[in-house]
Every structure is written in C-alpha cells, then in structure tokens.
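Novice: Have a look at this one.
The values are calculated or read from the model by the stated rules, or taken from the named source; none is laboratory data. Values in this document were obtained by computation on a predicted structure and should not be read as measured data. Cβ placement follows ideal geometry from the backbone for every residue including glycine, while neighbour counts extend to all protein chains displayed. Quick note on the areas: whole protein, heavy atoms, side chains included, nothing else; ligands and nucleic acids left out. Shrake-Rupley method; radii C 1.70, N 1.55, O 1.52, S 1.80 Å.
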Amino acid sequence: MDLKKKIENRSANIGVIGLGYVGLPLAMEFVRAGFKVTGIDVNTEKVEMINAGNNYIQDVSDNALASAVSDGNLNATTDFAATKKLDSVSICVPTPLKKHKNPDISYIVSAMNEVEKYIHPGMIIILESTTYPGSTRELILPSLETNGFTVGKDFFLCFSPERIDPGNTEYTTQNTPKVIGGITDQCTDMGAAVYGTIVEKVVTVSSPETAEMVKLLENTFRAINIGLANEVAIMCEKLGVDVWEVINAAGTKPFGFMKFSPGPGLGGHCIPIDPHYLSWKLKTLDYDARFIQLAGEINTAMPRHVLKLVTEGLNQQQKALKGSKVLIIGVAYKKDVNDVRESPALDILQLLEESGVKTDYFDPHVESIIWDGSTINSLEKLDGNAVSEFDACIIVTDHSNIDFELIRKHCSLIIDTRNVYHEKTGKNIIRLGVGNHQIN
Ligand SMILES: NC(=O)c1ccc[n+]([C@@H]2O[C@H](COP(=O)([O-])OP(=O)(O)OC[C@H]3O[C@@H](n4cnc5c(N)ncnc54)[C@H](O)[C@@H]3O)[C@@H](O)[C@H]2O)c1
C-alpha cells in the first residue's frame, strides 16, 4: 500500500529510537493518534519498564502508558532489527557536549550505524535530536545512500526539532507547531504527513539545515535573553533598584518587550548546551559567535554570584561562610520538574562544599542525587525545627508544592533567587537582583 495511505489509515508502523524525556512522550503521541509504535533504546532497564507498563517520565500519564502496552499499541526493544518492519522512525538520542564544550554526536552516529543495516524502500527517517546545522545531510545521509538507495525516492530523510517544554501543561506536543525540513521536497512532504497525525500544525521549511537552525535560534534566543536578565539583576543590585519590579513594569509594554527572569544560572538538557553546538559549527567556518560567548560567561557566573550573596548575608549576621550549614531548596533545574541535568543547584552545591560549608537539600521532586560518586538524599520533609538548624537556605527552584512560608518563618537567612517572597521581603531575606539587601 502507498505509504501516505498507510499513514492516513494508521496502518503504518512507527518507531522511536531513544526513549527518554523526548522519545517516550513522542511515542505516546503516536499511540494516541492510533498507530502501533515500537520504541528502541539501548537501556535495558527502560525497555523492561515500558514492557511491564511502568512509566518513568513525568510528562507521560502512567495510565495511558500502561494501557498502550496492555492494548498492544506500544512495545519496546533493544534490538534494532525491529527497524526492518518500521515505516517511519524518529531519532531522539542524546546530544550532549564533550569536555571542552564540543558537540558529542556519538549517540546519533551509533544509532544510525544500526538503522542503516535495516533501511528498506519507502522508509521515513526523522532526526529530532538537537544538533548543529548540516548534521542531517553530512552525518546521516551518506551512510543511508551507500546501500544504493536514493533519498527522496527510495527513502525520506528529514530534521524536525523537538520543542517540548517539560512540565508545561498549556503548550503540549499537540498544540506546539512542529517544524520540519527534508533533504528533498518529497522528504518534507512525507515527514509532514507523519507529524501531521500528532500535532495541530506542521511548519515546513526548505531544508534540514533551516530546521536545525530554527531550534538553535530558539534556544540561543533564550540563553542570551536570560543572560541579559541576569546582567540586569546584577546592575540593579548595584543601583539599589528591584530588578523584579523593573521587569514586571517593562512587561506591561504590549509590544517590543518580552519578559525573561534572572535566576541562579541555566539548567536542563537544552539551553546551557544547544548554543555551543551553534558556536562550534561557526568556529569551523572561522566565525566567533560573540553573543553566545558573552551570555555563556554571564550565565555560568550566576552560581558564584549566589555564593557571594550567601557570604554577604552571613557576614551581616557576624557569621563566616566556612563551617556554616546551608540548605538548598530545590535541585531540579526548573519549577515542578524532577530533572537535575545541568542544574545550577549542582554548581552552587560544589561552590559551597569547596568553601567548607555543610550542605543539605530539600526537593519534593528529586529523592536523591549522585554527588561526587555518592548518593545524597533529600530531606524527607520540611519542618520548622529542621529548617531552623541551618544558617541559611538558598531558594534555587521554586516548586509549587514547597511551603515557602514555613521557610520564611524558621530560617534566619534566605537567599531568594526566584523572587518567591517579592513584597514579603523581610530582614532575613536577600533577593537576587535587589539593591540594598537589607530592606525594611
Ligand atoms: N529534554 C528536553 O526537554 C529536550 C527538549 C528539546 C530537545 N531535546 C533534545 O532531544 C534529544 C534527546 O533528549 P532527551 O532529553 O530525551 O534525552 P534522554 O537522555 O532523556 O533520552 C535519550 C535516550 O536515548 C537512549 N539512547 C542513547 N543512545 C542510544 C542509541 N544509540 N540507540 C538507542 N537509544 C539510545 C538513552 O538510553 C535514553 O533513553 C537531545 O538531542 C536533546 O537535546 C530535549
């Protein structure tokens, strides 16, 4: 049967390679659209969990996953031979940075080494992993064409960036437009047909390079604007002005301004990493991406600025940083998620430990973290007695289910990097980006 027809009548077999934060929700969207979906991952534990109907991703519903598996609409495997039967595969493997902030594309290469063994006529391959412009054409296309297949005729190759915002209930996969660019027009057309079944709007662009650049522009835009907000926060501290009041008032302008907030530093798998993919690529073309570099410098210095605020606060109470006890509130990289990848809390923890501070953390979403090779557990619950034992609390993540009022009542010094307390600022609260720290 014609591939387009198979997509339309949902008889096409869909595959997702890499079942993490991006891949598992995507697989579930295809199930919801009425397809049978095969997930492939090298991680046996994840594969076993899925096949047992057990969910491990916050944005996926436990019940929906269990039903998808028991109804036979979702199965997982570590065996890439399953690709033989798939009409379309989306690749969602990690794209981290190497030690010197160069792209690590080894996961894409290793997944593609497997896919190329099983490529068959009519197959659609869509790369979703964030990567530098040129990756789809330079890294993936050549190996697929070695089998004598012609792109756009025998198989279809596209790039479509993942735009998921973990924890966002207003904008989900379905109502966030999906950008897609194929190597040929036929590729774009086939890729758009597949994704048109799961999202309300597909935005086609003229090439995979354009689609790759779209993703990098979006995340570089965020990194640079957060960098600006962070620098303005430091300026406001020096000027004796409240940065949050400034940003809120500026945010009333109905055009030409978009609100970004300062914070303890960048976190997550995207914003701190993606701009480096772009600047690395530009370096190979003999161009320095200066905005990216500057924003990177400002954002990565924020944990150190938080340490400075703790030191100043302790000083005002005639206490030394060394030997003090500090509680970090929230270690996830952002509100209401359980992901600690690249979280600024980890940098702050490191700086505190280096300064001889005894640290603990509380995060209702993160039971434990691996730190310096060993496991550290979150405080089980927050009570007044426990909080009053610490010399300072640092609010790093403002999860909705934390009792900030209890912290305010019982902690002798609070460093608030998220403006949790705004107008309730008291003598014991130092807010990031607010001048004259001892307000009231
Ligand atoms: N997490 C996000 O919010 C987000 C948002 C947009 C884009 N992205 C991008 O999506 C991609 C995936 O990110 P993620 O957060 O889902 O990562 P993740 O680490 O949660 O998941 C990746 C999965 O791929 C598996 N894997 C690794 N190598 C593999 C291989 N060779 N074959 C098959 N499976 C393999 C891993 O076991 C893991 O389960 C990255 O490029 C990331 O930049 C992530």
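Novice: What list of ³J(HN,Hα) couplings, whole Hz, do you get for the range 321-329 from phi and the Karplus terms 6.51, -1.76, 1.60, once you set θ to phi - 60° and write x for glycine and proline?
Specialist: Here the 3J(HN,Hα) series is 5, 4, x, 7, 10, 10, 10, 8, 9 Hz.
Novice: Arrange the peptides 167-178, 101-112, 26-37 so that the one whose residues have, on average, the most other Cβ atoms within 10 Å appears first. Could the numbers behind the result be given before it?
Specialist: Values: 167-178: 13.8, 101-112: 17.3, 26-37: 21.8.
Put in order of decreasing packing, that is 26-37, 101-112, 167-178.
Novice: Which value, in debye to the nearest 20, describes the size of the charge dipole of the chain about its Cα centre when Lys and Arg Cβ atoms bear +1, Asp and Glu Cβ atoms bear -1, and nothing else is charged? List each step's numbers first, then the result.
Specialist: Values: 42 positive and 55 negative charges, 117 e Å.
Dipole about the Cα centre, nearest 20: 560 debye.
Novice: If I stretch the segment between LEU228 and GLN350 completely, what's the gain in nm (0.36 nm per residue apart, minus their alpha carbon distance), one decimal?
Specialist: Values: separation 122, 0.36 × 122 = 43.92 nm, distance 2.47 nm.
Between LEU228 and GLN350, full extension yields 41.4 nm more.
Novice: Distance cut-off 30 Å, Cα to Cα: go down the list LYS5/LYS334; LYS153/LYS178; LYS36/LYS215; LYS101/LYS178; LYS253/LYS409; LYS281/LYS358 and report the pairs above it. Mind showing how you got there, number by number?
Specialist: Numbers: LYS5/LYS334 42 Å; LYS153/LYS178 23 Å; LYS36/LYS215 28 Å; LYS101/LYS178 28 Å; LYS253/LYS409 36 Å; LYS281/LYS358 42 Å.
In this structure, LYS5/LYS334; LYS253/LYS409; LYS281/LYS358 lie more than 30 Å apart at Cα.
Novice: Could you give the length gained on full extension between GLU114 and THR77, defined as 0.36 nm per residue of separation minus the Cα-Cα distance, in nm? Intermediate results must be reported in sequence, preceding the final value.
Specialist: Working: separation 37, 0.36 × 37 = 13.32 nm, distance 1.34 nm.
Full-extension gain reported as 12.0 nm.
Novice: For the range 243-431, what's the relative contact order in percent, using C-alpha pairs closer than 8 Å and at least 6 residues apart? Don't skip to the answer; put the middle values down first.
Specialist: Numbers: 301 pairs, mean separation 39.4, N = 189.
Answer for the range 243-431 is 21 percent.
Novice: So what's the Cα pair-distance distribution over the range 3-210, bin width 5 Å, in %?
Specialist: Reading the bins upward from 0: 1, 8, 16, 21, 22, 17, 10, 4, 1, 0.
Novice: Express in whole angstrom the spacing between the alpha-carbon centres of the range 88-143 and the range 164-184.
Specialist: Distance between centres, Cα-based: 19 Å.
Novice: Let me spell out the model: positive unit charges on the Cβ of Lys and Arg, negative unit charges on the Cβ of Asp and Glu, origin at the Cα centre of the range 51-105. What dipole size does that give, in debye rounded to 20?
Specialist: 420 debye
Novice: Quick one: 3J(HN,Hα) in Hz for the range 84-99, Karplus 6.51/-1.76/1.60 with θ = phi - 60°, rounded, Gly and Pro as x.
Specialist: Going residue by residue, I get 3, 9, 8, 8, 9, 10, 10, 9, 10, 8, x, 9, x, 10, 7, 3 Hz, with x marking Gly and Pro.
Novice: Right, next: What is the gain in length, in nm to one decimal, between ALA66 and LYS259 on full extension, counting 0.36 nm per residue of separation less the C-alpha to C-alpha distance?
Specialist: Working: separation 193, 0.36 × 193 = 69.48 nm, distance 3.93 nm.
The span from ALA66 to LYS259 would gain 65.6 nm if fully extended.
Novice: Skip the ligands, DNA and RNA, and give the accessible area per residue of the chain with a 1.4 Å probe, whole Å². Before the final figure, lay out each step's value.
Specialist: Numbers: 20270 Å² over 440 residues.
Each residue of the chain exposes 46 Å² on average to a 1.4 Å probe.
Novice: Further, regarding this structure: Could you state the angle between the C-alpha long axis of helix 290-300 and the longest principal axis of the C-alpha atoms of the chain, as a value from 0 to 90 degrees rounded to the nearest 10?
Specialist: Its long axis makes an angle of about 50 degrees.
Novice: While we're looking at this one, here's another question. Taking only Cα atoms of the chain, what ratio of Rg to Rh do you get with Rh as the Kirkwood inverse-distance radius? Numbers along the way, then the final one.
Specialist: Numbers: Rg = 23.9 Å, Rh = 23.6 Å.
That ratio equals 1.02.
Novice: Taking amide hydrogens as modeled 1.01 Å from N in the peptide plane, which residues meet the under 5 Å criterion relative to TYR361, leaving out close sequence neighbours?
Specialist: ILE328, LEU379
Novice: If I ignore ligands, DNA and RNA and count only protein heavy atoms, how much of MET258 is accessible to a 1.4 Å probe, in Å² to the nearest 10?
Specialist: Ignoring ligands and nucleic acids, MET258 comes out at about 120 Å².
Novice: Once amide H atoms are built 1.01 Å from N in the peptide plane, which residues 5 or more positions from ASN13, or in another chain, come under 5 Å H to H?
Specialist: Distant-sequence amide H within range of ASN13: ASP87, SER88.
Novice: Ignoring everything but the protein chains, give the 1.4 Å probe accessible area of ARG137 in square angstrom, nearest 10.
Specialist: About 90 Å², ignoring ligands and nucleic acids.
Novice: Once phi is turned into ³J(HN,Hα) by the Karplus curve 6.51 cos²θ - 1.76 cosθ + 1.60 with θ = phi - 60°, what whole-Hz value does each residue of the range 190-195 show in order, with x for glycine and proline?
Specialist: Once θ is set to phi - 60°, the couplings for the range 190-195 become 5, x, 5, 5, 5, 6 Hz.
Novice: If each Cα of the range 243-431 is one equal point scatterer, what is log10 of I(q)/I(0) from the Debye formula at q = 0.09, 0.13 Å⁻¹?
Specialist: Debye output, listed in q order: -0.36, -0.73.
Novice: Please list, in chain and number order, the residues 5+ apart from TRP371 or on another chain whose amide H is under 5 Å from its amide H, with Hs placed from the backbone.
Specialist: Hits under the 5 Å cutoff: ILE376.
Novice: If you don't mind, another one. R0 = 56 Å: FRET efficiency of LEU294 with THR375, Cβ-based, nearest 0.05? Write down the numbers at each step before the final one.
Specialist: Details: r = 37 Å, r/R0 = 0.66.
So, using R0 = 56 Å, E works out to roughly 0.90.
Novice: Quick one: ranking GLU8, GLU342 by accessible area, 1.4 Å probe, largest first, what do you get? Write out the running numbers ahead of the final one.
Specialist: Values: GLU8 130, GLU342 95 Å².
Largest to smallest exposure gives the sequence GLU8, GLU342.
Novice: With every protein chain left in place, what is the accessible area of ASP403 in Å² (1.4 Å probe, nearest 10)?
Specialist: 80 Å²
Novice: Taking the Cα centre of the range 243-431 as origin, sum charge times position over the Cβ atoms of Lys and Arg (+1) and Asp and Glu (-1), and report the length of that vector in debye to the nearest 20.
Specialist: I would put it at about 560 debye.
Novice: Return a whole-number percent for the relative contact order of the chain, with Cα pairs under 8 Å and 6 or more residues apart as the contact set. Display every interim value, and only then the final one.
Specialist: Numbers: 875 pairs, mean separation 48.7, N = 440.
With pairs under 8 Å counted, the relative contact order is 11 percent.
Novice: Using Cα centres only, tell me the gap between the range 345-400 and the range 222-300 in whole Å.
Specialist: What the calculation gives is 26 Å, centre to centre.
Novice: Based on the Cβ-Cβ distance from VAL42 to LYS98, what FRET efficiency comes out when R0 is 22 Å, to the nearest 0.05? Can you show the working numbers first?
Specialist: Values: r = 19 Å, r/R0 = 0.87.
With a Förster radius of 22 Å, E is 0.70.
Novice: I've got another one for you. Per the 1.4 Å probe, what fraction of the accessible area of the range 162-296, in percent, lies on carbon and sulfur atoms?
Specialist: Details: 4020 of 6840 Å².
Of all accessible area on the range 162-296, carbon and sulfur atoms account for 59 percent.
Novice: Which residues in the range 264-283 place their backbone N less than 16 Å from a point set 7 Å from the Cα of GLN317 along the Cα-to-Cβ direction?
Specialist: Answer for this model: none.
Novice: Which of the peptides 128-135, 12-19 is most tightly packed, and how do the rest follow, going by the mean number of other Cβ atoms within 10 Å of each residue?
Specialist: 12-19, 128-135
Novice: Helix-only mean residue ellipticity at 222 nm, the chain, DSSP H runs n ≥ 4 weighted -39,500 (n - 2.57), per residue, nearest 500. What is it? Could you put the intermediate results ahead of the total?
Specialist: Details: 15 runs with 162 residues, N = 440.
Using -39500 (n - 2.57) per qualifying helix, the result is -11000 deg cm²/dmol.
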